[in-house]
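Coordinate-derived values only; no laboratory data. The model shown is predicted, which means the values in this text are computed figures rather than measured ones.
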Amino acid sequence: MPDNLIIKSREIVKDDWFVLRAPAPAEGEAPPAAEVVAALPVPAGKVIVPLALWSAHHEALAARVAAGEIGVWLASDERPEALKGQLEKLPVVAVDFPKFTDGRGYSIAYNLRVRLGYTGELRAIGDVLRDQLFQMQRVGFNAYATRPDRSIHDALKGLSDFSETYQASVDQKLPLYRRHIRNVGVNTGDVGYGI
């Protein structure tokens with residue numbers, strides 16, 4: 001069995017974390033309830049557990065957290081504020097993208113970095129494709145578990161698709177117009193002078 005690989009800090013590395021998920025429901029069935037997720041057994045080793053399990057058992061997992069063996073993943077409909085006050089203990093927080101078109105994970109990542117001050121590994125998991133990586137890094141992701149049916153080497157190129165950004169974000173605090181040095185004098189008639 002080949003090693004699981006992820007992109008981390010712009011490099012392809014071996015992934016030594018296991019993402020714990022409830023068994024997928026059969027087609028037409030509802031996803032498992034939070035109580036079912038909270039009752040999942042946590043295997044040995046480095047494990048990223050669902051928020052429901054973490055919320056129910058974080059005190060019991062404290063020793064493994066201190067050893068750097070437990071991370072937490074958030075579904076796209078969960079709030080990152082649920083981890084407030086506990087983030088500094090977690091070596092990795094993952095955000096699940098259930099499908100390519102679900103963009104709620106971008107807001108979760110931004111809030112984790114900017115509003116909650118999380119500085120550890122922030123990983124994108126789920127339906128993660130090359131086309132998303134550049135924007136994901138802009139909001140604070142620094143690790144990506146791309147879809148296994150796609151080339152991770154091709155996905156890595158997605159982090160450098162663009163050479164410049166216009167807007168401010170987590171990765172660039174100033175918008176382009178604040179970073180660009182304008183060589184315009186006051187008497188030129190430029191109405192945008194000094195902006």
Volume of the Cα convex hull of the chain, divided per residue and given in Å³: 156 Å³
Using only helices, what value at 222 nm comes out for the chain when you add -39,500 (n - 2.57) per DSSP H run of length 4 or more and divide by the total residues, to the nearest 500 deg cm²/dmol? -5000 deg cm²/dmol
Listed by chain and number, the residues whose amide H is under 5 Å from that of Ala94, excluding neighbours fewer than 5 places away on the same chain and using placed H, are Val72, Trp73, Leu74, Arg123
Among bridges DSSP assigns within the chain, what percent are antiparallel (round to 5)? 25 percent
